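Below: the structure, in structure tokens.
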Amino acid sequence: MKNWLKNYQWHIISWFIFILYEYFLVVLILNIKGPLLVYCMHYVINISLFYIHSDLILKKTLAGSKPRYFKLTALIVIEIFIFSIIAYLADQLTLTSTAPINLKNVTIDWKFIFGALWRGIYFILFGTAYYFVKRYIQQKQLTAALEKEAIKKELEEKQIAIELADAKNSYLKAQINPHFLFNTLTYIYNSTHKSEPRAAEAVRYLSKLMRYALECEHGPNIMNLEAEILQVENLLQLSRIKQPDLYIDFHYDEGIEETKIIPLALLSLTENMVKHGNLSVSTDPGKIDLHLNNGVFTIRTSNLVNTGLNDTGFHTGLNNIKQRLLHTYGNNARITYGQKDQYFQVLIEIAMQ
């Protein structure tokens, strides 16, 4: 009800002013005095004709690409005819009321017919004007909305063009920067492999790892496990150059190298172990096991917890792997991790399809 009043409040106010205007006009000019309520019945009829004509008749006949003028003319004639009959019945009912009105008995003569025609045509024209004004406002609002949408689309296209240009620029930089980096690493390796063989080997393994990481970033979503296994071995070799007493047992089933999984998952787990785990105990080394059994591929890692180590960012890599698994495999993959006794363990299970 509140919404209805809000939507039609100006209609109500306008009709109220119009009724008062006509009532006082009749009293002052025609000197026909009577209570306002007597005329309410006629105004209900008039206002009903107004809205029936504007919101029903015109909407049904003029809407669309092909207006139906013949049908509109026929409906207007029917409208006026029905309106005249209802007006006559209303006049008869008015005469039977107790209100002191100076009216004689109502008869259907030329005067009555002319008055009914005039009143009906008056409100039909009034409703027609209202229909076209409302239609004009709606079309203007629609045009404004379309213009706004067009401007928004144009801005989005410009933004996309800017982002595309940035992406192309970044891609060109990405092509230039790694090229410069690998040339520099090659120069360092060639300059130090005789005088500082350990440092040169570290540069060589680092270069392989970085090249693999860049290939994965711009490569496919899944890759053969063989490439990842090779990079894990490179990472372990690099880590042992810096930390000779680093012990990790890396085991995988024979023939598992052809299995396709998301890249960098195994490498990230290994990096986490090297960075955060205690791998210096030869009798209790870290373990990395890869298995493929009954269509389920598993990665299992375990290592001693490095107590007292600041593990800031420790779970970032694991959360990243979790999100990538969910994005690629959905419910066919899961990762669980946590500390059990003095060991930190990670288990990834992927149902291969």
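The values are calculated or read from the model by the stated rules, or taken from the named source; none is laboratory data. It should be emphasised that the depicted structure is a prediction, and the values quoted were computed from it without experimental measurement. With ideal geometry, Cβ positions are generated from the backbone for all residues, glycine too; neighbour counts draw on all protein chains shown. SASA here: full protein model, heavy atoms, side chains in, ligands and nucleic acids out. Shrake-Rupley method; radii C 1.70, N 1.55, O 1.52, S 1.80 Å.
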Cut-off under 5 Å, modelled amide H: who pairs with Tyr252 long-range
Leu290
Provide Rg and Dmax in Å for the stretch 232-287, with only Cα atoms included in the calculation.
12.1, 33
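Can you give the FRET efficiency to the nearest 0.05 for Ala145 and Ile121, using r as the Cβ-Cβ distance and R₀ = 41 Å?
Details: r = 36 Å, r/R0 = 0.87.
FRET efficiency, Ala145 to Ile121: 0.70.
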Step through the table entries Lys287/Lys340; Lys60/Lys140; Lys194/Lys287; Lys287/Lys322; Lys6/Lys134, compare each Cα-Cα distance with 23 Å, and write down the pairs that go over it.
Lys194/Lys287
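Taking the Cβ of Glu258 as the centre, find all other residues whose Cβ is under 13 Å away and add up their charges (Lys, Arg: +1; Asp, Glu: -1). Could you put the intermediate results ahead of the total?
On the way: positive: Lys260; negative: Glu226, Glu228, Asp253, Glu254, Glu257.
After counting each charged neighbour, the total is -4.
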For the stretch 336-353, take each phi angle, set θ = phi - 60°, evaluate the Karplus expression 6.51 cos²θ - 1.76 cosθ + 1.60, and give the result in whole Hz per residue in order, putting x for glycine and proline.
10, 7, x, 8, 10, 6, 9, 10, 9, 10, 10, 10, 10, 10, 10, 7, 6, 10
Per-residue ³J(HN,Hα) for the stretch 243-253, Karplus 6.51 cos²θ - 1.76 cosθ + 1.60, θ = phi - 60°, Hz, x for Gly and Pro
9, x, 8, 10, 10, 9, 8, 10, 10, 8, 5
Once you put a point 7 Å from the Cα of Ile85 and another 7 Å from the Cα of Lys59, both along the Cβ direction, what distance in nm separates them?
2.4
Would you pull out the residues with amide H under 5 Å of Asn306's amide H, same chain only if 5 or more places away, H placed 1.01 Å from N?
Asn278
Mind giving me the nanometre distance, one decimal, between the label points for Arg198 and Asp245, set 7 Å out from Cα along Cα→Cβ?
1.4
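For the stretch 256-353, which semi-axes, largest first and in whole Å, follow from the square roots of 5 times the eigenvalues of its Cα gyration tensor?
Numbers: eigenvalues 119, 47, 23 Å².
Working through the eigenvalues yields semi-axes of 24, 15, 11 Å.
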Applying the Karplus parametrisation 6.51 cos²θ - 1.76 cosθ + 1.60 with θ = phi - 60° to the phi angles of the stretch 197-205, what ³J(HN,Hα) value in whole Hz is obtained for each residue in order, glycine and proline being reported as x?
x, 5, 5, 5, 5, 4, 4, 5, 5
From largest accessible area down, sort His251, His11; use a 1.4 Å probe on the protein chains.
His251, His11
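Figure the gain on full extension for Thr336 and Lys71 (residue separation times 0.36 nm, minus the Cα-Cα span) and round it to one decimal in nm.
On the way: separation 265, 0.36 × 265 = 95.40 nm, distance 7.40 nm.
Contour length minus the Cα-Cα distance gives 88.0 nm.
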